[in-house]
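Step one of this worksheet: look at the structure below.
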Amino acid sequence: MKSHNKLGINTICTHVGEVKDEQFKGAISPIYLSTSYEFDNVDVKRYPRYFNTPNQEMLCKKIAALEKTENALIFGSGMAAVSTTLLAFLHKGDHIVLQQTLYGGTYNFVVEEFDKFGIEYSFTKDLSIESFQKEIKENTKVLYIETPSNPLLTVTDMEAVANLAKKNGIVTMIDNTFASPINQTPIDFGIDIMLHSATKYMGGHSDILAGAVAASNEHIDIIWNIAKNLGGSLSDFTVWMLERSLKTMNLRVKCQSENALNMALYLDKNPLVSRVYYPGLESHPNYALAKKQMKNFGGMLSFELKEGIDAMAFMNKLELIKPSMSLAGVESTMLSPTQTSHALLSPEERENQGIKDGLIRFSVGIEETKDLIADIEQALK
Ligand SMILES: *Cc1c(COP(=O)(O)O)cnc(C)c1O
């Protein structure tokens, strides 16, 4: 398939990056589990840790087509993709500016490991472009953002960040997990490198741990050079499961985004709910920006119950919606960030990030909206 850029999104999801079954002409990609391949004349030494088995190589084409980049790499987890990519572009004495609100694992990687490598880092005070500008130093090599963010769904201006970075000769990276390439293609706004926890929307069925990075050939070469040393590649069986999952990604994410908007509108009107955080609500402070850079607003939202209603007691009463740490599956889940993802932060740190004890994060699945509403209604009673 030579001209993917002309194909529609569902066609890319279904067909780009298939492994052809030449022998039996089966409809789906065969899985090549070999860790050993005969040498051929061309300079390809296939080996799973070199990220170049047939299944790995072909799946990268699908992910690159989805993110509209030249190339991609897939990893054994989202954090393998994030850590490998950061270490590829940051050397001893370099500096990185990261946005204030980040996925907990990324934050931990930076604050627990970077000192050992002699890498300097700063977090922005807020998400304004002035905040990013202020932290840039002589030795800044990377600007790192995540939008929409977890768990408050804040939105960062991708184009403004990309322009600021270009002026200063800095590489930009985005964690695009929450939006997925269905709702947001950051390369359109000038961002260089897109990172994913494929465990979330790309996998979509709560049964795969994987990660991905999409970028230009030049940037992917830089990442590959360290990736083969760090060894975080994905096993071919899981590669195959991920390929299968990606076939329905647009259908799933579109449905999840519609459901989430409907749930946000319902919760916003519910007298027992004090606040809803969803970039698709006109009352969201970044609504205009979200509308500019996103196609739909995604399947994640957060909300707070009115004072005096115990969030844990409410979640325990839910029957259809499950309490769960992970997110983005076809089934709806809720969690309390204070009790789970942000439990290790001090109450002050949570307060600084705007995370209240009663906050509930809602990962909206593909169920019927009316059934989700009925479940919330009966639990609130
Ligand atoms: C889950 C997640 C990650 C980490 O991915 P793993 O697959 O768990 O390693 C990174 N970023 C975001 C936004 C996530 O939700």
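Residue count for region 152-161 under the criterion of being crowded, with 23+ Cβ neighbours inside 10 Å and among the hydrophobic types (A, V, I, L, M, F, W, C): the result is 4. LEU230 meets each of the listed conditions (1) assigned by TED's automatic domain parsing to the domain that holds LEU153; (2) surrounded by fewer than 23 Cβ atoms within 10 Å (Cβ to Cβ); (3) within 19 Å of LEU327 (Cβ to Cβ) apart from (3).
For LYS125, the requirement of being touching a residue at least 12 places away in the same chain (Cβ under 8 Å), in the same structural domain as ASN10 (by TED's automatic domain parsing) and part of a loop (DSSP other than H, G, I, E, B) is met.
Considering each residue of region 73-132, count those that are more than 14 Å from the ligand (Cβ to nearest atom) and either more than 23 Å from GLU351 (Cα to Cα) or surrounded by fewer than 19 Cβ atoms within 10 Å (Cβ to Cβ) (or both), and give that number. Spell out the reasoning first.
Taking region 73-132 as the starting set, the residues that turn out to be more than 14 Å from the ligand (Cβ to nearest atom) are 73, 87-97, 100, 111-132.
Add one more test, that the residue is either more than 23 Å from GLU351 (Cα to Cα) or surrounded by fewer than 19 Cβ atoms within 10 Å (Cβ to Cβ) (or both), and what stays is 73, 87-96, 100, 111-120, 122-123, 125-126, 128-131.
Qualifying residue count, region 73-132: 30.
Go through region 342-381 residue by residue and tally those that are within 25 Å of the chain's Cα centre (by Cα) and within 20 Å of ARG275 (Cα to Cα). So the count comes out to 18. When each of LYS322, LYS295 is tested for being in contact (Cβ under 8 Å) with a residue 24 or more places away in the chain and among the basic types (Lys, Arg), the lone residue that passes is LYS295.
Is it the case that region 332-353 has a residue that's at pLDDT 95 or above, within 24 Å of LEU209 (Cα to Cα), touching a strand residue (DSSP E or B) at 6+ places or on another chain (Cβ under 8 Å) and within 16 Å of the ligand (Cβ to nearest atom)?
So the first thing to find is which residues in region 332-353 are at pLDDT 95 or above, and the list is 332-334.
Then keep just the ones that are within 24 Å of LEU209 (Cα to Cα); that gives 332-334.
If we keep only those that are touching a strand residue (DSSP E or B) at 6+ places or on another chain (Cβ under 8 Å) as well, we get 332-334.
Filter again for within 16 Å of the ligand (Cβ to nearest atom), leaving 333-334.
Checked against the condition, which is being at pLDDT 95 or above, within 24 Å of LEU209 (Cα to Cα), touching a strand residue (DSSP E or B) at 6+ places or on another chain (Cβ under 8 Å) and within 16 Å of the ligand (Cβ to nearest atom), region 332-353 yields at least one hit.
Counting just the residues of region 162-181 that are within 15 Å of the ligand (Cβ to nearest atom) and outside any loop (DSSP other than H, G, I, E, B), which one comes out surrounded by the most Cβ atoms within 10 Å (Cβ to Cβ)? Full working, then the answer.
Taking region 162-181 as the starting set, the residues that turn out to be within 15 Å of the ligand (Cβ to nearest atom) are 173-181.
Of the ones still in play, those that are also outside any loop (DSSP other than H, G, I, E, B) are 173-175, 180-181.
Values: MET173: 26, ILE174: 26, ASP175: 24, SER180: 27, PRO181: 30.
Only one residue fits best here, namely PRO181.
Checking ALA260, ALA210 one by one, the residue that is crowded, with 23+ Cβ neighbours inside 10 Å and farther than 28 Å from ILE31 by Cβ is ALA260 and no other. Each residue in region 90-145 was checked for being among the acidic types (Asp, Glu) and out of contact with any strand residue (DSSP E or B) (no Cβ under 7 Å at 6 or more places or on another chain), and 6 pass.
Scanning region 204-212 turns up no residue that is acidic (Asp, Glu), within 16 Å of the ligand (Cβ to nearest atom) and either within 22 Å of GLY280 (Cα to Cα) or without any contact (Cβ under 8 Å) to a residue 24 or more places away in the chain (or both).
Of the residues that sit in region 133-151 and are surrounded by fewer than 19 Cβ atoms within 10 Å (Cβ to Cβ) and part of a loop (DSSP other than H, G, I, E, B), which one is nearest to the ligand (Cβ to nearest atom)? Looking at residues that are surrounded by fewer than 19 Cβ atoms within 10 Å (Cβ to Cβ) and part of a loop (DSSP other than H, G, I, E, B), I get ILE136.
Filter region 183-202 down to the residues that are touching a helix residue (DSSP H, G or I) at 6+ places or on another chain (Cβ under 6 Å), surrounded by fewer than 24 Cβ atoms within 10 Å (Cβ to Cβ) and either under 21 Å from PHE362 (Cβ atoms) or hydrophobic (A, V, I, L, M, F, W, C) (or both) and list them by number. If the condition is that a residue be touching a helix residue (DSSP H, G or I) at 6+ places or on another chain (Cβ under 6 Å), surrounded by fewer than 24 Cβ atoms within 10 Å (Cβ to Cβ) and either under 21 Å from PHE362 (Cβ atoms) or hydrophobic (A, V, I, L, M, F, W, C) (or both), then PHE189, THR199 are the ones that fit. Each residue in region 351-379 was checked for being closer than 17 Å to GLU319 by Cβ and surrounded by 15 or more Cβ atoms within 10 Å (Cβ to Cβ), and 12 pass.
The residue that is farthest from the chain's Cα centre (by Cα), counting only those in region 60-72 that are within 16 Å of the ligand (Cβ to nearest atom) and under 23 Å from TYR32 (Cβ atoms), is ALA72.
For region 194-242, which positions are of a type in the set (Ser, Thr, Tyr) and in a helix (DSSP H, G or I)?
Selection gives THR238 alone.
The values are calculated or read from the model by the stated rules, or taken from the named source; none is laboratory data. Remember, it's a predicted structure, so these values are computed and weren't measured experimentally. We place every Cβ from the backbone using ideal geometry, glycine too, and count neighbours over all the protein chains shown.
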